Amino acid sequence: MKIAVIGAKGLPPQQGGIEHYCAEVYPRMVAQGHSVDLFARSSYTHGSWLESYDFQGVRVISLPSVHLKGIDAFVTSALGAIASIGKEYDIVHFHALGPSLFTCLPRIVNSTKIVVTCQGLDWQRAKWGNFSTRLIHTGEKTAVRFAHGIIVVSEALQNYFWQTYGRETVYIPNAPASYGVSDPKFTYGKQLGLQQGRYIVFLGRLVPEKRPDLLVEAFSALKPAGWKLVLAGGVSDTKSFTSNLLEKVANNRDIVFAGELRGTRLWEIVRGAGLFVLPSELEGLPLAMLEAMQEGIPVLASDIPPHQQLINGGRGMLFASGNLDSCIKSLDWAIHHPRELGVMAHNAQKYVQVNYNWDRITAENLKLYGDISGLSSEFTKIPKKVLSVKKS
């Protein structure tokens, strides 16, 4: 099959769940004999317009972009949709709801089959203004109308589309990235003044909906003896929020801002943590949490539905979303009950290994492609324990 991908910033992944998802799935499709073109933003790839390069067999094509908050993704996605019309793609796969505003273009002009993956309800994110929020919400409705297939990464999203639109979706979750070898001497961690097993890590973009500010308040109020808090994440159109957050922690020597971590430093800091905390009020299915679970790190998270899906059943701890007192009490319990947390972490690790796998996710995507296009299913055989399409 010949596949076009629209909505990702580019490859290789630097930040963002969509980019990491594409880096895992599409090279696997290429390895199975399929052709994949990914339309990227020149602001991300730093390439000239229409310049292309290879990423593990995926052809990445740089398109013009605009350096304006909330506009960049729309411009590049529109151009990608237009570019896809002139080529005979079997599948055009849009990622995220904003880019899905342009699913109508290839659908109307030719017989290409359209697939949309929804990683989360992006119009709910605090960083967007009213205009961008309305556009993204319109993109959601456009996807419902024009996409031949919609993929969602959590059961909560599947319920949302059925209850809101009566639209069936295919549930295909994310999977964690595989960590490589990290420094056994914990050199970078020691440079940050950390002690293995004696710090809490927050990993994610520093944006309002992920609530790092709530975690900072809870940690500052609790002041656990001998423990530190590490904030590891980049900025995403939220400089004012980040500046205010960093001002709050500037004089607290027990709170470390590590910035955006990648590679061996990321692996080292996650593996050395005594507790991973994600206080988000909005998520699709968080890759960072899946990675912590895969590494056997105990998890504490807000009780939003995607988090419940991952750590209910003795795989982690939940606290009331947005509730400072609940967060403080849960942190305090977690710090003083390492044995119980260790059992939860072991349960979580086994759960992720069994249920979240990139080869299986790739096969699920290809099966959907084959089903909606009517093409041969020779390359779309699914491993055992297939994830099903369901109504809720």
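Please treat every number below as a calculation from the coordinates, not as lab data. Source: prediction; values computed, not measured. Neighbour counts are summed over all protein chains in view; Cβ atoms, including those assigned to glycine, are modelled from backbone coordinates with ideal geometry.
The coefficient of translational diffusion for region 227-326, derived via Stokes-Einstein from the alpha carbon Kirkwood radius under 20 °C and 1.002 mPa s, stands at 146 µm²/s.
Less than 5 angstrom separates the built amide H of Phe55 from those of Val60, all sequence-distant by 5 or more or on a different chain. In terms of its alpha-carbon gyration tensor, region 32-186 comes out rounded; the largest-to-smallest axis ratio a/c stays below the 1.5 threshold.
Relative contact order, whole percent, for region 187-354 stands at 24, derived from Cα pairs under 8 Å and 6 or more residues apart.
What 222 nm value per residue comes from the helices of the chain, counting each DSSP H run with n ≥ 4 as -39,500 (n - 2.57) and dividing by all residues, nearest 500 deg cm²/dmol? Show your work: numbers first, answer last.
Details: 15 runs with 165 residues, N = 392.
So the calculated ellipticity at 222 nm is -12500 deg cm²/dmol.
How about region 83-190: which trypsin sites (Lys or Arg not before Pro) there are in a DSSP loop, with at most 12 other Cβ atoms within 10 Å of their Cβ?
Values: sites: Lys87, Arg107, Lys113, Arg125, Lys127, Arg134, Lys141, Arg145, Arg167, Lys185, Lys190; in loops: Lys87, Arg125, Lys127, Arg167, Lys185.
For trypsin sites (Lys or Arg not before Pro) across region 83-190 that sit outside H, G, I, E and B with at most 12 neighbouring Cβ atoms in 10 Å, the list reads Lys185.
Antiparallel beta bridges, as assigned by DSSP with both residues in the chain, represent about 10 percent of the total such bridges. Estimated translational diffusion coefficient (Stokes-Einstein, Kirkwood radius over Cα pairs, 10 °C, 1.306 mPa s) of region 1-44: 149 µm² per second.
The P(r) of the chain has a tail past 30 Å containing 40 percent of all C-alpha pairs. Stokes-Einstein diffusion coefficient for region 187-354 at 25 °C in a medium of 0.890 mPa s, Rh from the Kirkwood formula over Cα pairs: what value in µm²/s? It comes out at roughly 156 µm²/s.
So what is the relative contact order for the chain, in percent, with contacts set as C-alpha pairs under 8 Å and at least six apart?
That works out to 14 percent.
Counting neighbouring Cβ atoms within 10 Å and putting the fewest first, the residues Glu88, Glu340 line up as Glu88, Glu340.
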